[in-house]
1. Does the range 235-278 come out rounded, prolate or oblate by the C-alpha gyration tensor, with a ≥ b ≥ c the root eigenvalues, rounded set by a/c under 1.5 and, if not, prolate when a/b is larger than b/c and oblate if not?
2. If amide H atoms are built 1.01 Å from N in the plane of the peptide, which residues on other chains or at least 5 residues away come under 5 Å of the amide H of residue 211?
3. Run the simple label-point estimate for residue 731 and residue 461 please: 7 Å along Cα→C-beta, distance reported in nm.
4. Can you tell me the dipole magnitude for the range 294-377 around its Cα centre, using point charges on the Cβ only (Lys, Arg +1; Asp, Glu -1), in Debye to the nearest 20?
5. Between the range 588-635 and the range 499-568, what's the alpha-carbon centroid distance in Å?
6. Just to be sure I understand: of the beta bridges DSSP finds with both ends in the range 193-320, what percent are antiparallel, rounded to 5?
7. With label points built 7 Å along Cα→Cβ from the Cα atoms of residue 165 and residue 661, find their separation and express it in nm.
8. List, in order, the whole-Hz ³J(HN,Hα) value for each residue of the range 93-100 obtained from phi through the Karplus relation with A = 6.51, B = -1.76, C = 1.60 and θ = phi - 60°; use x for Gly and Pro.
Amino acid sequence: MIDTLRQTWNRFLALFRRASLDADLDAEIAGHLEEAIEDNVRAGMTPEEARRQALIRFGGVTQAVETQRDARGLPFLDTLRQDARYAVRAMRRDPAFSAVVVLVLALGIGANVAVFSVVNTILLRPLAFRDPGRLVWFTTNEGKGGLSGTTYTVAALEEFERHNRSFQEVATFQPFYNSVEYKLTGRGEPVSLEAVEVSGNFFPMLGVEPLIGRQFTTDESRKGGPPAVLLSYPFWQRQFGGDPAIVGRTLTIQTPFKYLPGPVTIAGVIPPSFDFGSMFAPGKNVDIFVPAYMDFWRTWGNTLAAIGRLKPGVSLAQAQAESNVLFPQLRAQHKDWYEDYKSTYSLLQDHVSGKLRRTLFVLWCAVGLLLLIVCINVSNLLLARGMSRGKELAMRTALGAGRGRLIRQLLTESLLLSGIGATLGLAVAWALTFALARQNQMALPLLSTVRLDAAALAWTAVIAIAVAAIFGLAPALRMSVGNLHELLKDGGAGMSQGRRHERLRSALVVAEIALACVLLVGSGLLLRSFLRLLDVDLGFQPAHVAAMKIEINDNDNGARRGVLIKQILDRVRALPGVEAVGTTDMLPLDRNRSWALIAKENLNDKRDHPAFAYVVSPGYLEAMGMRLRRGSDISWRDRVDTQCSVVINEAGARREWPGQDPIGRLAYGPCRDAARVIGVISDVRESSLEDRANTQMYVPMTQADPEGMELVVRTRLAIATLDPPVLSILRQLNASQPRTQFRPVQTVVDHAVSPRRFLMMLVTAFAFFGLLLASLGIYGVISYSVTRRSQEIGIRMALGASAARVQMGIVSQTLRLTLIGIACGGAASFAIARAIRSLLYGTQPTDPLVFAGVLLVLAAVALLAGHIPARRASHIDPMTVLRGL
């Protein structure tokens, strides 16, 4: 065994000492020959005869050298090196062909690696936490409804932690961003902060250690304790320039609720690997983390999102079974809990990205189809190039190369092309992932963490080898077989060989068209679904509307709030170009929260009666373009000292007063006392464009406390032109107003549909690239057919065939290939369309418009690709052809 390993090692080292070993061998052979020549001379031979006899006795010198090289080295690697050097020379002989193949492969492999990186980041790679498989997401009400319907009260979680036996610990955070406003002061202009309140054990339970500094202490996590914050990595870099000495310094952070009284200590900086917004609120940026004071949130209702860590040996099913028994018992003890208050568990990984599993799978299949089209296209190119190499391969065969050696040589060339394409493809993939990771407004979890990692590099290697085998095998097998006599004749590859190549290339083109058809049908259905989604009635008109976060120092006094808001609205409305203006604490399709809304007639109904709640000012409905169906809008007559008023939507009217007029009716929930319904508006899509609207209510901001405030303006002017004058007005009334700017409400809508747009755009791009490759394949095959049949076409034209008839024959050949491909692809498309049914909106998998459109597009592209060779064929000079016979 040791001798074998030593021999193998010596063989391996010999690969790197080839020159010196060859020199030693040459010297040794020369020495043996000199001794033999001298012996022959002493025996009486002439020097010439002595040398001839010595060489005869020694045998072939070249054969001896090759035998010794095989014995000292690794023949397989030696042969591979020779094949690689020959492949490089072949690429240099035809640089244009090599460049085209490498470019096509780079685009196909790069797109595949980029999509793999997205899929790997979102679905395959474990979350960057300690033992992530034991982290569990909690949700109430089976995850239905807004945040208020799926989160927990402080008391419920405390009771659960005391009685459960499945979880080591439970951590929480406050998902209602901006329910407490934060701003950084004392460092120039006030800076608005995006803050998240987290329990003291939130980061330790996840296993997230600060990049610098420390975690929150027990005292800092209690109300009344020393206030502290943890900075997010982007905020630390942006605001403090990445200063490592920032830990321990104090900041002045103000909140209307005095949530953090006095100077605040910087405890540490969260590492860049943890992007809270990307994971729990895609599209949101977080600046600081603050300890969640449970006593503060105790009276706010359902305000906490929870994550638990399972005890060792406890499965998710066991924990769920315990919850199904425990929560009914706890509800029996707490009559104030909702009737449907229960807990449903899912792995944190599934909560974060599980909803995208089908979407990403479809995207991965689409890029896989594109890669197959790339392989088929490159195979066609190699077959076309193989016709010009027929004599070269025949000559090598005549010199003794076997079929296996030829196949190995051709596959080595394919592997080299694939390797270079994969290397460039990594650059393409890096550019794509770099761009995707910076799409902050896209509602895709973990997108900011997408990168090329070791898994992506390994996938690239696998793809490169697989692609080389796929596109290189068929040409290698075909090119290594042929009639040696015909190939060596002056006529080239011969007619029979040409026909075999043409049939194979035609079959490959049919496969390209079929795959392109599948991609086009899929992208067409997704595009049609996306357009249908954009056509849904939002219940408001986002065009020409913008919103800006503002701060009002009203000390929770509704009367003072009304005075301040009215002043702001009157002065902003007076600005040139402003058509309507109002305020709200939440925008539709952005944040949400639900309160109870129950008609006086339904008070005995014990079921939940949730409603999405918005605290608004007069003018808000007009500014948003919401349609008032019945009754009146909120007005300045709705004051603290008058009966509470509420505007509801049609869904709320149908639920609480079916078949009745709700105007003037009383409802409980929006205010402390009964509220009177004064108006009904059209349903507004509050959380998703795809889901029907739920019950909504709009309460005057003078009669209910808003959670934050946004100024909403409708204008025909450019949004940026309003920033300076509006900010000036706000600071005249409140000098500490943070610098902020308007954001178009359309961006909120775009954020809501961004996952569907992401899928649609990528699949459409892949389909377009696949269609382009298919058209090039059609052009290549038809052009080659015209070249091969030039003599036949010239003779036919000499016998009277018109140019139009020749063109029609070529075009009919093009259409025949296209129709066969469409027939095969159409059958596969029906199956694929049914598989993606769940991703479609308002569109049937068998949508005739999409299938007809794909048929027309493919036919048009095929006609265009075949028209150029057809015109060339019709211009063949019969006399030139006849003279060449």
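1. Numbers: a/c = 2.33, a/b = 1.41, b/c = 1.66.
Taking the square roots of the gyration eigenvalues as a ≥ b ≥ c, the range 235-278 is oblate.
2. 269, 270
3. For the pair residue 731/residue 461, the computed spacing is 5.8 nm.
4. About 160 debye.
5. 26
6. Of all bridge pairs located within the range 193-320, approximately 45 percent are antiparallel.
7. Reported label-point gap for residue 165 and residue 661 is 6.1 nm.
8. Listing the rounded values in order: 5, 9, x, 5, 4, 4, 5, 4 Hz.
The values are calculated or read from the model by the stated rules, or taken from the named source; none is laboratory data. In this text, all values refer to a predicted model and were calculated from it rather than measured experimentally. With ideal geometry, Cβ positions are generated from the backbone for all residues, glycine too; neighbour counts draw on all protein chains shown. Heads up: the accessible areas ignore ligands, DNA and RNA and are worked out on the full protein's heavy atoms, side chains in. Shrake-Rupley method; radii C 1.70, N 1.55, O 1.52, S 1.80 Å.
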